[in-house]
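The structure appears below as C-alpha cells.
The values are calculated or read from the model by the stated rules, or taken from the named source; none is laboratory data. Not measured: the values here are computed from a predicted model. Using ideal geometry, Cβ is built from the backbone for each residue, glycine included, and neighbour counts are taken over all protein chains shown. In case anyone asks, the SASA skips ligands and DNA or RNA and just uses the protein heavy atoms, side chains included. Shrake-Rupley method; radii C 1.70, N 1.55, O 1.52, S 1.80 Å.
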Amino acid sequence: MTGGPQFDKCREMLREGGVVLYFKGPVTQEVVEGLGSMIRRKVDFEIANRSRASQAFAVLVEQLQNVLHYAADAVDMATGRMASGELIIRLDPAGLCLSCGNLIAKDLGPRIRERIDALEGVDKEGLKALYKAARQKGPDDQSRGAGLGFLEMARRAVTPMRYDIEAVSDELAWFSLDVVIA
Amino acid sequence: MQPFVSAPTRSTPEVHFDAASHRHRMKGECYPENAAAFFGPLFTWVKNYLAAKPAGPVVFDLELVYFNSSSSKALLDLFEVLERAAASGTNITVNWRYDKDNDIACECGEEFAEDAKALKFKLLAL
C-alpha cells in the first residue's frame, strides 16, 4: 500500500482509533487555513451539524496557532512563521477529539500546567467569567497572542481538557493537549 | 479623510470604513496569525476618525463568521474605543450580524453586548 508495507501497521492503528485526520509536519498560517476549512466542510457535510463544524474549526485554529506561537522550533520567515506540530482528529465516545502536540522549551512547562490546571472543574459560567476577565486584563508579556487560547478551548470542550508534558531532552519537552467537542 | 479599505483573505475580513457616510463594515473570517499587526492600522484610523467628533449617526456593521481568541481581544479593544466616544456624545451603533445557526458568533455577540453602555450594540440574526 501507499508508502510501502512499513506504513500498513500505522494505517491499521489510525483506522482502529477512529482517526479522521492525522497530520505531522510544518505548520504555517496557510496550513491552519487549509486544515481549518477542510474540517469545517467535512463535519458540516458528513455529520450535517454546522454547530459542531464551527466548534471543530475554532478548536483547530486555537490548537494550531498555539503551535505557531509557542513551539520551540518556530522560525520567523519573510513569508510568515513556521513550526513543527502534530494534529490528530478522531472520533471519541463524547464527540470529536482534537489532539495537538509540539515541542516546547522545558521551562514553559510550569506555566502551561498552571494555566490549564486552573480551569479544571470550572463550570461553563465560571469559564465565561474567567474568559471575560482575562480578555479585559490583556495578555502578560510572555503571551504572543491575547493569552486566551486555553480558556477559549476549555469553553468549547465537553469533557475536561487533558494534557501531557514529557521531557525529551535537557531543554525540550513534548506538549500535547486533547480537546473533545460535542 | 480617506476610507480604510482592506480586501478579504482566507483569514482576515473585508474591511471598509468610510468617514464620509459614517457606515463602516467588516465582514468575513478573522483569525490572522498576528492579530496586532492586522488590527493596528485599523485602530489608528478609527481613533483619528473619532477624534474629529463625527456628527452623523455612526454605524458599524460587523459580520464575522469566526474570529480567534487574539482577534476577540482586539474587538473588545475596538468596542472600548467606541464606548468612550459614545459616552462623550457620539451616536454610535454596532450591528452584530450572525448566521442563526452559528452558536459561537451569537454567544460572542451577546458577551460583547453585555458590556455596552452608551454604545448601542444590536444583535441581528441572519
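The phi-based Karplus calculation (6.51 cos²θ - 1.76 cosθ + 1.60; θ = phi - 60°) puts the 3J(HN,Hα) values of the stretch A:156-169 at 8, 6, 9, 10, x, 5, 10, 9, 8, 10, 10, 5, 10, 7 Hz, whole numbers, x for Gly and Pro. Spatially, the stretch B:43-75 and the stretch A:121-149 are offset by 22 Å when compared through their Cα centroids. For A:Val27, the residues 5 or more places off, or on other chains, whose built amide H falls under 5 Å of its own are A:Ala83, A:Ser84, A:Gly85. Amide H contacts under 5 Å for A:Asp92: A:Cys97, restricted to partners 5 or more places along the chain or on a different chain, H placed in the peptide plane at 1.01 Å from N. For the stretch B:27-32, backbone phi angles converted through the Karplus equation (6.51, -1.76, 1.60; θ = phi - 60°) give residue-by-residue couplings of 9, x, 8, 9, 9, x Hz, Gly and Pro being listed as x.
Chains B and A together bury roughly 2500 Å² of accessible area, counting both sides, with a 1.4 Å probe on protein heavy atoms only.
Would you be so kind as to list the residues of the stretch B:30-57 that have their accessible area lowered by at least 50 Å² in the full protein complex compared with their chain by itself (1.4 Å probe)? Checking the loss per residue gives B:Tyr31, B:Glu33. For the residue pairs B:Lys73/B:Lys120; A:Lys137/B:Lys53; A:Lys128/B:Lys73, the alpha carbons lie more than 21 Å apart in A:Lys137/B:Lys53.
When the solvent-accessible surface of protein heavy atoms is calculated with a 1.4 angstrom probe, in what order do A:Met13, B:Met26 fall, highest first?
Details: A:Met13 120, B:Met26 0 Å².
Result, largest first: A:Met13, B:Met26.
Using a probe of 1.4 angstrom and keeping all protein chains present, the accessible surface of chain A works out to 51 square angstrom per residue. Work out which residues of the stretch A:136-157 lose at minimum 40 square angstrom of accessible surface when the other protein chains are put back, relative to the chain isolated, with a 1.4 angstrom probe, and list them by number. Buried by 40 Å² or more upon assembly, which counts only protein chains, are A:Gln136, A:Ala146, A:Arg156.
B:Lys120 contributes an accessible area of around 90 Å² to the protein surface, as traced by a 1.4 Å probe with all chains present. Remark: accessible surface ordering of A:Met1, A:Met161, B:Met1, A:Met153 (largest first) is A:Met1, B:Met1, A:Met161, A:Met153, probe radius 1.4 Å. Per-residue surface analysis assigns B:Arg84 an accessible area of about 150 Å², computed on protein heavy atoms at 1.4 Å probe radius.
Applying the Karplus relation 6.51 cos²θ - 1.76 cosθ + 1.60 with θ = phi - 60° to the stretch A:76-92 yields 3J(HN,Hα) values of 9, 10, 4, 8, x, 8, 9, 8, 8, x, 9, 9, 10, 10, 9, 6, 10 Hz, where x marks Gly and Pro. Beta bridges from DSSP with both residues in the stretch B:1-83: antiparallel share about 45 percent, rounded to the nearest 5.
Let me know the mean shielding of B:68-79 by other chains, meaning the per-residue number of their Cβ atoms within 10 Å of its Cβ. Let's see the in-between values first.
Details: counts 10, 18, 12, 2, 6, 11, 2, 1, 5, 3, 0, 0.
That works out to 6 on average.
Using a probe of 1.4 Å, the accessible surface attributed to A:Thr28 totals some 30 Å² when neighbouring protein chains are kept in position.
Of B:Lys47/B:Lys122; A:Lys42/B:Lys27; A:Lys24/B:Lys100, which ones are farther than 25 Å apart at the Cα?
Numbers: B:Lys47/B:Lys122 22 Å; A:Lys42/B:Lys27 23 Å; A:Lys24/B:Lys100 35 Å.
The pairs that break the limit, which is 25 Å between Cα atoms, are A:Lys24/B:Lys100.
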